[in-house]
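Written below as structure tokens is the structure these notes are about.
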Amino acid sequence: MVGGEPGSEYALDFVSTIEGKEGPRCGSPSAESLLSPSLASAAGISSHEAKTGHGKACPSANACPCSAGRKKRIGESDYEVKHSGLSGNVSAGFSAVYRFPRKGTALEKQMLAATPRVFVEGYRLALAKAIPDRQSSLVLFWGMSTGGASLYPLAKYYTPDGYLGWGTSSTGLAYVNGRTLDGNFNDIYEHSALRVRERGLDDFEFYTKNIDSEIRAKWWQAAQKDPRFKSTEDAAMQFGAAALTEQGLRLWQSDFLPAADRKPGLAAFMQAMFEPSYPPAELKKVPILDLNGTNDEALPPRTVDANRKVMEPYAKKYRVGRIEGLHHYLFTQDSIKIVGSTWMRYINSGYFD
């Protein structure tokens, strides 16, 4: 099972829960012989690239976060803080505070260089290293939360045997469709490619309203020490059309875009930016199981059903399963066992055969 979440590139969340118990990498006791964890990360390209030289094939490679060779922490001189006037406790997509890279900094260049193809290539390189015997392995993808946007287009370059879903986002195409469900066409122009949400206590409490106050306090304190980061702004990470337009044109106007990327012309460059937003043809070979909790704060049932309508024509088969009462994040081992054992029932039934 390959799990990834670009919105929170801290893979140890997959290893253990805040209770100090084993996390979703184990699924359930009955899963151990069939599911082994591959904690892939788009950021995982960093160490692997340094050893293999694969960065030479990476789009905008000389500006990739993975090949910048940063020797020190990003400091306050690299970014500026702005307040949105919104509360992070209102929506899964809002934060009260945002950070923007200062113009001309290495941080700005790195954020711009984190294009959709860099995300997808990062996962591909990680999996090539983590799963040496692909032909003899049953490989299932789980894109937790924001992970779906990267793992669905990854099928073009590394095709899994199926997709497991829990709180899983969809392709950029399905994202923009979902934002218009209520006739609001303004959100699809959410375009900042250079903004990162500063996740505060209000954001944190949005997802933990159902958690015991003592556990919530313990988790919040631990979160202050975890090496967590959002890879890039939500709109760009979810491959939104306006965000990718801005990102692509900023790169095109920059002085660090490699000549090889510039040579085919602006049209080809922008097409490459947008390609990962669309379901790849390879999904026609792949069954998709999208499990979802009825109390999911970020991807409520209505959104998941809308995603299915967009994605089903492009998949071998696409089914939604819903579990009463569960939330977006699998905070406790009990909830992990419920989802893990449900996945196992589908696997044992031959759903991914």
Hey, L251 surrounded by 21 or more Cβ atoms within 10 Å (Cβ to Cβ) and part of a helix (DSSP H, G or I) or not: yes
Meets criteria (part of a loop (DSSP other than H, G, I, E, B) and more than 28 Å from E19 (Cα to Cα)) for D353: yes
Residues of region 237-248 that turn out to be of a type outside the set (V, I, T) and either open to solvent by 10 Å² or more (accessible area, probe 1.4 Å) or in contact with a Lys or Arg (Cβ under 9 Å, 6 or more places away or on another chain) (or both), as a count: 6
Selection count, region 275-287, where residues are under 17 Å from V176 (Cα atoms), in a helix (DSSP H, G or I) and open to solvent by less than 50 Å² (accessible area, probe 1.4 Å): 2
Neighbours by Cβ (under 9 Å, 6+ apart or cross-chain): first from region 122-142, within 12 Å of G3 (Cα to Cα); second assigned to a loop (DSSP other than H, G, I, E, B) and open to solvent by 60 Å² or more (accessible area, probe 1.4 Å): Y123/Y157
Count of region 301-318 residues which are open to solvent by 50 Å² or more (accessible area, probe 1.4 Å) and either touching a helix residue (DSSP H, G or I) at 6+ places or on another chain (Cβ under 8 Å) or not in a strand (DSSP E or B) (or both): 8
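Every residue, every condition in (1) in contact with a Pro (Cβ under 9 Å, 6 or more places away or on another chain); (2) within 30 Å of L138 (Cβ to Cβ), yes or no:
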residue	(1), (2)
P264	no, no
P276	yes, yes
E297	no, no
M311	yes, yes
H327	no, yes
L330	yes, yes
D334	no, yes
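Could you list, in sequence order, all residues of region 127-147 that are more than 30 Å from P301 (Cβ to Cβ) and open to solvent by 20 Å² or more (accessible area, probe 1.4 Å)?
In the first step, residues of region 127-147 are kept if they are more than 30 Å from P301 (Cβ to Cβ); the result is 127-137.
Scanning region 127-147 gives A128, K129, A130, I131, P132, D133, R134, Q135, S136, S137.
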Filter pass, L125 being more than 26 Å from Y329 (Cβ to Cβ), at pLDDT 90 or above and in a helix (DSSP H, G or I): yes
Sole exception among (1) surrounded by 19 or more Cβ atoms within 10 Å (Cβ to Cβ); (2) under 30 Å from G20 (Cβ atoms) for G325, by number: (1)
Which listed residue, of D290, D296, is assigned to a loop (DSSP other than H, G, I, E, B) and either open to solvent by 10 Å² or more (accessible area, probe 1.4 Å) or touching a residue at least 12 places away in the same chain (Cβ under 8 Å) (or both): D296
Residue ID - surrounded by the fewest Cβ atoms within 10 Å (Cβ to Cβ), chosen from residues in region 93-118 that are more than 21 Å from T171 (Cα to Cα) and among the polar types (S, T, N, Q): T105
Neighbours by Cβ (under 6 Å, 6+ apart or cross-chain): first from region 336-353, open to solvent by less than 40 Å² (accessible area, probe 1.4 Å); second at pLDDT below 90: I336/P24; I336/L330; G340/G27; G340/S28; G340/A31; M344/S30; M344/A31
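Filter region 176-186 down to the residues that are open to solvent by 40 Å² or more (accessible area, probe 1.4 Å) and either under 22 Å from E275 (Cβ atoms) or touching a residue at least 24 places away in the same chain (Cβ under 8 Å) (or both) and list them by number. Break it down into steps so the answer makes sense when it comes.
Taking region 176-186 and keeping what is open to solvent by 40 Å² or more (accessible area, probe 1.4 Å), we get 177, 179, 181-186.
Result: N177, R179, L181.
The values are calculated or read from the model by the stated rules, or taken from the named source; none is laboratory data. This is a predicted model, so every value here is computed, not measured. Neighbour counts run over all protein chains shown; Cβ positions are idealised from the backbone, glycine included. Accessible surface areas use protein heavy atoms only, side chains included; no ligands, DNA or RNA. Shrake-Rupley method; radii C 1.70, N 1.55, O 1.52, S 1.80 Å.
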